[in-house]
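Values in this text are rule-based calculations from the coordinates and carry no lab data. Here the structure is a predicted model, which is why all the values come from computation and not from measurement. No Cβ is skipped: glycine too gets one built from the backbone with ideal geometry, and neighbour counts run over all protein chains shown.
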Amino acid sequence: MTDIEAQRNLQPELGRSERLLWAGRPGQGILFRPSDIFLIPFSLMWGGFAIFWETAVITMGAPFFFMLWGIPFVLVGLHLIFGRFIFDAWARSRTWYGVSNERILIRAGGISSRLTTLNLASLSEVSMTEKSDGRGTLTLGPAAPAGFNIQKRGWPGAGSNQSPSFEAIGNARQVLDVIRDAQKRLSD
């Protein structure tokens with residue numbers, strides 16, 4: 001099923017002979033990933049200690065330099081605890097995915113807009129992770145090595161060397177079939 005808004009946002013990117021076979025969006029709202037099993041406890045420890053430090057420094061009347069020193073650590077802690085989830089949800093709300101008869105398109109929003117395209121004829125690997133409700137992620141290219149699959153958004157540079165993906169899409173298996181069918185038509 002094609003998302004009309006995604007189709008509208010990707011249509012200007014298509015070539016003359018190109019037509020969209022599928023268009024959609026990533027899951028919206030707050031999204032938890034497997035890496036959060038480690039990141040959430042770490043963020044709570046980091047943020048908790050930074051807030052404790054800053055509070056102690058201020059209440060003890062420490063020198064002004066020590067008060068300033070703790071502020072960046074508190075800000076990083078607050079971002080790790082909840083800011084990264086807000087930024088990630090905001091960026092995904094401005095992201096659209098498409099499969100045409102020639103290529104894959106990913107228009108990623110956020111602070112700046114970025115268009116990623118992958119030629120279907122040269123796309124070597126597509127892997128899928130799927131939940132019981134049919135929602136899943138298609139990784140377009142080789143998957144990141146174990147231990148390097150960190151959250152893609154919410155922290156500058158995080159996940160920048162990972163393969164592009166259609167993240168948290170509905171009916172992931174159907175979209176995978178659309179990609180495979182389009183690749184087969186190109187090779188015939």
**Message:** Test of understanding: ordering Trp90, Trp96 by Cβ neighbours within 10 Å, fewest first, what list do you get?
**Reply:** Trp90, Trp96
**Prompt:** For the chain, what is the calculated [θ] at 222 nm in deg cm²/dmol (nearest 500), taking -39500 (n - 2.57) for each run of four or more DSSP H residues and dividing by its residue count?
**Reply:** -12000 deg cm²/dmol
**Request:** Could you give me the radius of gyration and the Dmax of region 58-115, taking only the C-alpha atoms into account and expressing both in angstrom?
**Result:** 19.7, 66
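For region 36-89, report the % of Cα-Cα distances exceeding 19 Å.
Numbers: 465 of 1431 pairs.
That fraction is 32 percent.
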**Prompt:** Under a GNM of the chain (C-alpha, springs under 10 Å), which listed residue has the highest mean-square fluctuation: Gln162, Gln174, Gln28?
**Reply:** Gln174
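So if the hydrodynamic radius of the chain is defined as the Kirkwood radius over C-alpha pairs, what does Stokes-Einstein give as its diffusion coefficient at 10 °C and 1.306 mPa s, in µm² per second?
On the way: Rh = 18.5 Å.
Translational D for this selection: 86 µm²/s.
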**Item:** For the chain, built as a Gaussian network whose Cα springs stay under 10 Å, the top-fluctuating residue of Ser132, Ser113, Ser124
**Value:** Ser132
**Message:** For a quick check, take a GNM of the chain with Cα springs below 10 Å and name the residue from Pro142, Pro41, Pro12 with the largest mean-square fluctuation.
**Reply:** Pro12
**Asked** Could you give the length gained on full extension between Trp69 and Phe52, defined as 0.36 nm per residue of separation minus the Cα-Cα distance, in nm?
**Response** 4.8 nm
**Message:** Under a crude label model (7 Å from the Cα following the beta-carbon direction), how far is Asp36 from Glu5 in nanometres?
**Reply:** 2.1
**Asked** Across bins of 5 angstrom width beginning at 0, how are the C-alpha pair distances of region 1-83 distributed, in whole percent?
**Response** 3, 12, 15, 11, 9, 8, 8, 9, 8, 6, 6, 4, 2, 0
**Item:** Folded to 0 to 90 degrees: helix 172-187 orientation relative to the chain principal axis, Cα
**Value:** 50
